[in-house]
Amino acid sequence: MKTKAAIAFEPGKPLEVLEIDLAGPKAGEVLVEMEACGICHTDAHSASGAESWRKFPFVPGHEGCGIVREVGTGVTGLKAGDKVIPLYKSECGHCMPCVSGKSNHCATIMPTQKLGVLMDGTSRFSDQGQEILHFMGCSAFSQFTVAPEISFAKIANDAPSGEICLLGCAVTTGLGAVLKTSQVKAGSSVAVFGIGGIGLSVIQGARIAGAKRIIAVDLHAHKFALAKQFGATDTLGPADLTGSAAEEIIEMTGGGCDYTFEAAGATSAMQEAIRAAHPLWGTCCLLGNTADEDRISIHPTAVLGGRKIIGCTFGGVQGRSELPGYVDLATQGKLDLAPMVTHHLSLNEINHGIDLMHAGKSIRSVIHF
Ligand code: CXF
Ligand code: ZN
């Protein structure tokens, strides 16, 4: 069949939108018609060529929501008509990390997913006979995509795809970091560094957890209105500071926060977030990704008092078993997603959406198919 997709043909070049070929689902695989997909920094980062190991061309996109149209042989958990969110963290339920119940780093498709192929070592996408690779097991910047059944969370059919797609990455990353990985307690103090899609979701998670103080830190003060709307009690920007943000937070909280989160993807923010966590019982949770050569450094005494430095991917959330519950939070009105979607675009406008993101003009742009 044909599918209209945005393709990263060469590192650093704009995506090209064209009709390409898509082979149907093989055994254990599922064909999904995408309804919506958010644009995430990771899509642009990977398309930029910053990952020396990544092979081109590929179809990016990993924050999608769509409808199952066809299932391959042996698929038991999904059927045509089901609404799904593609998972860049699959959940097979059988590998060691899945069985442990302590990790969402499902090992089953990791080796092939990184290579941009499905589990049989081949891609379903092609253009005039040239192989086009998959991305993060999702390739959601395509009207249709194919991935294994273990790479989809089945969610409520009445969930609104244009907002729920954000649970494919940013929202689950922030919410899961707070509710699952850090298990923020009611009455806690929380600081969030970086108020993008992930940071705003940390704020919403902290509000849901009943945190009494939520301090939003960002270099751009125009982000604070939404942070406050989502539950931030305090905001800190460059204009509010004489020293560092960490020093100010230590002053404001009488020693540091119970929990801090880094959602800026910058080592400088990570160092600040570590310092801003209380030195005796504070937990600092790192969420952002940075360049391969980046490092953060601490003196051992930074943790000898009891402070914890942790981190997670996709919030530590196991997609198939736990994402439906997060979707329900949104449909029950406990999680506000609509204000996060600052731009609604067509697939043809994808490069504009990427530009808006780089210029800091969007929280999330969502592609509607
Ligand atoms: C990323 C976060 C950093 C590791 C790879 C996945 N998540 C989504 O954008
Ligand atoms: Zn992402």
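The values are calculated or read from the model by the stated rules, or taken from the named source; none is laboratory data. Treat the numbers as computed from the prediction; the structure is a model and nothing was measured. Because the Cβ atoms are built from the backbone with ideal geometry, glycine has one as well, and the counts that use them run over all protein chains shown.
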Scanning the range 85-114 for residues that are surrounded by fewer than 18 Cβ atoms within 10 Å (Cβ to Cβ) and within 15 Å of ligand 1 (Cβ to nearest atom) gives Ser103, Met110, Lys114
Is it the case that the range 323-339 has a residue that's in a strand (DSSP E or B), within 24 Å of Asn104 (Cβ to Cβ) and of a type in the set (A, V, I, L, M)? no
Restricting the range 290-304 to residues that are within 16 Å of ligand 1 (Cβ to nearest atom) and either among the hydroxyl-bearing types (Ser, Thr, Tyr) or surrounded by 13 or more Cβ atoms within 10 Å (Cβ to Cβ) (or both), the one nearest to Ile249 (Cα to Cα) turns out to be Ile296
What is the number of the single condition among (1) under 27 Å from Arg364 (Cβ atoms); (2) surrounded by fewer than 16 Cβ atoms within 10 Å (Cβ to Cβ); (3) modelled with pLDDT of 95 or more that Ala50 does not meet? (3)
It is to be established whether one or more residues within the range 264-284 are exposed (fewer than 14 other Cβ atoms within 10 Å of the Cβ), within 21 Å of Gly210 (Cβ to Cβ) and touching a residue at least 40 places away in the same chain (Cβ under 8 Å). no
Before we move on, is Arg307 modelled with pLDDT of 95 or more, of a type in the set (Lys, Arg) and surrounded by 23 or more Cβ atoms within 10 Å (Cβ to Cβ)? no
What are the pairs, 6+ residues apart or on separate chains, where a residue within the range 25-43 that is more than 16 Å from ligand 1 (Cβ to nearest atom) has its Cβ under 7 Å from a residue that is of a type in the set (S, T, N, Q)? Ala27/Thr73; Val32/Thr145; Glu33/Gln143; Met34/Ser142; Met34/Gln143; Met34/Thr145; Glu35/Ser161; Ala36/Ser161
Selected residue (only one of Gly254, Gly210 is more than 16 Å from ligand 2 (Cβ to nearest atom), surrounded by fewer than 21 Cβ atoms within 10 Å (Cβ to Cβ) and touching a residue at least 12 places away in the same chain (Cβ under 8 Å)): Gly210
Which condition does Arg69 not pass, out of (1) assigned to a strand (DSSP E or B); (2) basic (Lys, Arg); (3) more than 15 Å from Ile350 (Cα to Cα); (4) touching a helix residue (DSSP H, G or I) at 6+ places or on another chain (Cβ under 8 Å), if it passes all the others? (4)
If you scan the range 233-264, which residues turn out to be of a type in the set (Val, Ile, Thr) and in contact with a Ser or Thr (Cβ under 6 Å, 6 or more places away or on another chain)? Thr253
Evaluation of Gly24 against (1) over 30 Å from Ser362 (Cβ atoms); (2) crowded, with 18+ Cβ neighbours inside 10 Å (one fails), failing number: (2)
Just checking, does the range 208-221 include any residue being modelled with pLDDT of 95 or more, part of a helix (DSSP H, G or I) and either of a type outside the set (A, V, I, L, M) or within 28 Å of Phe125 (Cα to Cα) (or both)? no
Farther than 16 Å from Val317 by Cα and more than 16 Å from ligand 1 (Cβ to nearest atom) - does that describe any residue in the range 169-181? no
Return the residues of the range 31-43 that are near ligand 2 (Cβ under 10 Å from one of its atoms) and either small (Gly, Ala, Ser) or part of a loop (DSSP other than H, G, I, E, B) (or both); say none if nothing qualifies. Gly38, Ile39, Cys40
Counting only residues in the range 129-146 that are over 20 Å from Ile367 (Cα atoms) and touching a residue at least 60 places away in the same chain (Cβ under 8 Å), the one surrounded by the most Cβ atoms within 10 Å (Cβ to Cβ) is identified as Ile132
Residues satisfying the stated conditions in the range 44-66, i.e. among the hydrophobic types (A, V, I, L, M, F, W, C) and either part of a loop (DSSP other than H, G, I, E, B) or within 13 Å of ligand 2 (Cβ to nearest atom) (or both): Ala44, Ala47, Ala50, Trp53, Phe56, Val59
Which residues, counting only those in the range 49-75, are without any contact (Cβ under 8 Å) to a residue 60 or more places away in the chain and either at positive phi or β-branched (Val, Ile, Thr) (or both)? Gly49, Ile67, Thr73, Gly74
